[in-house]
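Structure incoming, see below.
The values are calculated or read from the model by the stated rules, or taken from the named source; none is laboratory data. Only a predicted model underlies this, so the values are computations on that prediction, with no experimental measurement involved. Note that each Cβ is placed from the backbone with ideal geometry, even for glycine, and that neighbours are counted across all protein chains shown. Note: areas computed on protein heavy atoms with side chains; ligands, DNA, RNA excluded. Shrake-Rupley method; radii C 1.70, N 1.55, O 1.52, S 1.80 Å.
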Amino acid sequence: MPVHNADIARVFEEIADLLALQDANPFRVRAYRNAARTIGNLSLDLAAALREGRPLPKLPGIGADLGAKIADIARTGTTPLLGRLRRQTPPALVEMLRIPGLGPKRVRALADTLGVKSLADLEKAAREGKIRGIAGFGEKTEAAIARAAAERLGAARRFELAVAWQYAEPLLAHLAAARGAKRVVAAGSLRRQRDTVGDLDILVAGEAHDAMRRFVSYGEVAEVLAQGPTRASVRLACGLQVDLRAVPVESYGAALVYFTGSRAHNIALRRLAQGRGLKINEYGVFRGRRRIAGETEESVYAAVGLPPIPPELREDRGELEAAKAGRLPRLVERSDLRGDLHAHTRWSDGAASVAEMARAARAAGLEYLAITDHSRRLAAAHGLDPLRLRRQLAEIDAVEVEGLALLKGIEVDILDDGTLDLPDAVLGELDVVVAAVHSAFQLPRARQTERVLRALAHPRVTMLAHPVGRLLGARPGCDLDMLKIARAAAAHGKILELNAQPERLDLDDLHCRMAKEEGVRVAISSDAHGPAQFEYLRWGIGQARRGWLEAADVVNTRPLGALRALLER
Ligand code: DGT
Ligand code: CA
Ligand code: CA
């Protein structure tokens, strides 16, 4: 993965933490912290500058020593000093440092006195009342530590968006039946459609009492973490935490803005309001004591002179500036999609026949579908050789589904050297050639990038499937120079795929935005391996919207004729 300034900043932050835990010279600790802040906020991409041999700009507090470390990190993601410090310090101590109120001195005291070696140890010690006895700690601190440690322990696991929705939907329905609850909605990262979700945030507008009762007594609740008259937190049996807040109906819009976030967006929005002499909080927009807006989200944005901003854009990535300038994108919607250019059948590792997939695509509202089974290299998936592919093409010719056009395609493996798994002549018989990496994910950046660039330059290739190849929670993406990939795609007129499988979502949101900025068209593909999987397109749409994509940026919003014209070019 590309090294961003924030990654460099994170390494420096961790070095500062570890040095602090070792009681190093405070000036040295501060130097790393300051460097982290300087770099983390910098818009110029340092790693890119170094790669291109451009000199680093002069940065406050960053001399030759830190400059060399920046070069290390930009190249390798880390620097030897970090490795050395990590070996000298138990990682749990760094985790403990993240708990509000615990500085290096206190963390060392806890480690020395109680012998705690992990966050779990710490939480247990706090729960058992062993911390209050240590000099400098009291009962209140102990309780705060217990809570924060438990939260961090639980925070480690993020849930795929699609998985989180599986828990959210029935819970929302359960709460919607509460007496006096006028509205029950999901907020937080779930509503912003982030690819993964840390916890669920649910907002109730109206009377809180019955909603609270229903919430804490919900069948899937394993533990009630906190409960009050208007707010509560629970942990579900699956491990997912859910926060509930109830507000009066007149505060619904303000509360929804607040709990949808992101935090960065909220902060930027509040700053904008301050500039107009207004105050925004979860209860409304206020001029002095007077509430001037807050019942709807629209009223909140209008109060600061803005049109409503779609939740997917609320990341403080320029959406407030775009809104102010009247240049918010008209984000692509599911109903804009007319076709799907990537799907499998029983000919390789799909679960259904060509005809079944065609009917399912039609039922999902699509007008065209490309059948793109795997190529021979993927033996485990019964990949097609030229002979079987031609037999499949004959079957596709024979299938007729009213209102749906079938396109002939293949998902061809990009071999380790960047050549393709099938001969050009065979590929030449197809409407759509989807090229994909399914092996050698570990190649170093330069070679991996060269490999994919070679495939993109192949005249028969239509698009690059799931470009980085990540699997959320299981496999990081390949180390690819995505900017180079995007520029090559633009130069060759190739499409980049946004694969909508919930554990892929690849292109991710930032790569979608990069594609758009580089003038590359994106295809939102279900990669369906069965008739039910066309519904995955919904998750692809979510990421596309987070990436600022409009219908015109997405090839499969086009009618069949226009799409064919594009493919033939
Ligand atoms: P997640 O749960 O990690 O996937 O991400 P979010 O964005 O759902 O974060 P979460 O659950 O901590 O908080 C939900 C929203 O509530 C967040 O996006 C903004 C708002 N919020 C929560 N705490 C604060 C806070 O201390 N300050 C501000 N400004 N906003 C907050
Ligand atoms: Ca959340
Ligand atoms: Ca939350």
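Efficiency by 1/(1 + (r/R0)^6): what FRET value for R564 and E517, r their Cβ-Cβ distance, R0 = 35 Å, to the nearest 0.05?
On the way: r = 27 Å, r/R0 = 0.77.
E(calc), rounded to 0.05, equals 0.85.
Could you tally the net charge around A551, taking each other residue with its Cβ under 13 Å from the Cβ of A551, Lys/Arg +1 and Asp/Glu -1? Intermediate results must be reported in sequence, preceding the final value.
On the way: positive: R330, R334, R338, K516, R521, R545, R558; negative: E333, D336, E550, D553.
Local net charge: +3.
Find the centroid of the Cα atoms in segment 334-366 and in segment 222-236, then give the distance between the two in whole Å.
Cα centroid of segment 334-366 versus Cα centroid of segment 222-236: 42 Å apart.
In degrees between 0 and 90, to the nearest 10, how far off the longest principal axis of the chain does helix 354-363 point, with axes built from Cα atoms?
60 degrees
According to the square roots a ≥ b ≥ c of the eigenvalues of the Cα gyration tensor, what is the shape class of segment 55-203, taking rounded for a/c under 1.5, prolate for a/b larger than b/c otherwise, and oblate for the remainder?
Oblate shape, in that a/c is at least 1.5 and b/c is the bigger or equal ratio.
Would you calculate, for the chain, the mean residue ellipticity at 222 nm contributed by helices, counting each DSSP H stretch of 4 or more residues as -39,500 (n - 2.57) and dividing by all residues, to the nearest 500? Mind showing how you got there, number by number?
On the way: 24 runs with 246 residues, N = 569.
Counting only the DSSP helices, I get -13000 deg cm²/dmol.
Further question: Quick one: accessible area per residue over the chain, 1.4 Å probe, rounded to a whole number of Å²? Kindly include the intermediate steps, with their values, before the conclusion.
Values: 25670 Å² over 569 residues.
The answer is 45 Å² per residue.
Something else now. Provide the percentage of antiparallel DSSP beta bridges, counting only those with both residues in the chain; round to the nearest 5. Intermediate values should be presented prior to the final figure.
On the way: 28 of 59 bridges.
Around 45 percent of the beta bridges assigned by DSSP in the chain are antiparallel ones.
Another question about this same structure. Mind ordering 248-257, 536-545 by average Cβ neighbours within 10 Å, highest first? Please list the in-between numbers first.
Details: 248-257: 21.4, 536-545: 25.3.
Going from most to least packed, we get 536-545, 248-257.
Further question on the same structure: By the gyration tensor of its Cα atoms, with a ≥ b ≥ c the square roots of the eigenvalues, what is the shape of segment 192-265: rounded for a/c under 1.5, prolate for a/b over b/c, or oblate? List each step's numbers first, then the result.
On the way: a/c = 2.43, a/b = 1.10, b/c = 2.22.
Oblate shape, in that a/c is at least 1.5 and b/c is the bigger or equal ratio.
Give, rounded to the nearest 20 debye, the magnitude of the charge dipole that segment 156-247 has about its Cα centre when Lys and Arg contribute +1 at Cβ and Asp and Glu contribute -1 at Cβ. Let's see the in-between values first.
Working: 13 positive and 10 negative charges, 48 e Å.
Here the size comes out at about 240 debye.
What does the convex hull of the Cα atoms of the chain come to per residue, in Å³, rounded to a whole number? If you can, show how the numbers build up before the last one.
Details: hull volume 104.4 nm³, N = 569.
It is 184 Å³ per residue.
Moving on to the next point. Positive end of the charge dipole of segment 98-223 (Lys, Arg +1 and Asp, Glu -1 on Cβ, about the Cα centre): tell me which of H174, L114, F215 has its Cα farthest that way.
Farthest towards the positive pole: L114.
Along the positive direction of the dipole of segment 334-568 (beta-carbon charges: Lys, Arg +1; Asp, Glu -1; about the Cα centre), which of W539, L507, I495 reaches farthest?
L507
Another one. Roughly how tilted is helix 386-398, in degrees to the nearest 10 and between 0 and 90, from the longest Cα axis of the chain?
80 degrees
Further question: About its Cα centre, how strong a charge dipole does segment 261-328 have in debye, to the nearest 20, once Lys and Arg get +1 and Asp and Glu get -1 at the Cβ?
Working: 13 positive and 9 negative charges, 100 e Å.
Charge dipole of segment 261-328: 480 debye, to the nearest 20.
Once you charge only the Cβ atoms, +1 for Lys and Arg and -1 for Asp and Glu, what is the size of the charge dipole of the chain about its Cα centre, to the nearest 20 debye? Show your work: numbers first, answer last.
Numbers: 83 positive and 72 negative charges, 484 e Å.
Dipole of the chain, to the nearest 20 debye: 2320 debye.
Right, here's the next one. How big is the accessible area of H511 in square angstrom, nearest 10, if you roll a 1.4 angstrom probe over the protein chains?
For H511, solvent-accessible area is about 20 Å².
Can you give the Rg to Rh ratio of segment 334-568, both from alpha-carbon atoms, with Rh computed by the Kirkwood formula? Before the final figure, lay out the partial values.
On the way: Rg = 16.0 Å, Rh = 17.3 Å.
Ratio of gyration radius to Kirkwood radius: 0.93.
By the gyration tensor of its Cα atoms, with a ≥ b ≥ c the square roots of the eigenvalues, what is the shape of segment 201-355: rounded for a/c under 1.5, prolate for a/b over b/c, or oblate?
Details: a/c = 2.80, a/b = 1.23, b/c = 2.27.
Oblate shape, in that a/c is at least 1.5 and b/c is the bigger or equal ratio.
Separate question: Can you give the angle from 0 to 90° between the axis of helix 445-457 and the longest principal axis of the chain, with both taken from C-alpha atoms, to the nearest 10?
Approximately 30 degrees, to the nearest 10.
Related question: If the cut-off is 24 Å between C-alpha atoms, which lysines fall inside it for K124, apart from same-chain ones fewer than 8 positions away?
List returned: K105, K140.
So for each of 315-327, 453-465, 297-309 I average, over its residues, the number of other beta carbons within 10 Å; can you give me the resulting order with the highest mean first? Don't skip to the answer; put the middle values down first.
Values: 315-327: 15.3, 453-465: 20.8, 297-309: 17.8.
For the peptides 315-327, 453-465, 297-309, the packing ranking is 453-465, 297-309, 315-327.
Another one. Please compute the alpha carbon radius of gyration of segment 110-193, then divide it by the globular-protein estimate 2.2 N^0.38 Å. Two decimals is fine.
Working: Rg = 18.9 Å, N = 84, 2.2 N^0.38 = 11.8 Å.
Taking N as the residue count of segment 110-193, the ratio is 1.59.
Taking 0.36 nm per residue of separation and subtracting the Cα-Cα distance, what length does fully extending K279 through A143 add?
Values: separation 136, 0.36 × 136 = 48.96 nm, distance 3.24 nm.
In short, 45.7 nm is gained.
Relative to the present Cα-Cα distance, how much length would full extension add between E223 and A49 at 0.36 nm per residue of separation? Could the numbers behind the result be given before it?
Details: separation 174, 0.36 × 174 = 62.64 nm, distance 4.96 nm.
Fully extending the segment from E223 to A49 adds 57.7 nm.
Ok, one more. May I ask for the net charge around M212, where only other residues with Cβ less than 14 Å from the Cβ of M212 are counted and Lys, Arg are +1 while Asp, Glu are -1?
Value of the local net charge: +2.
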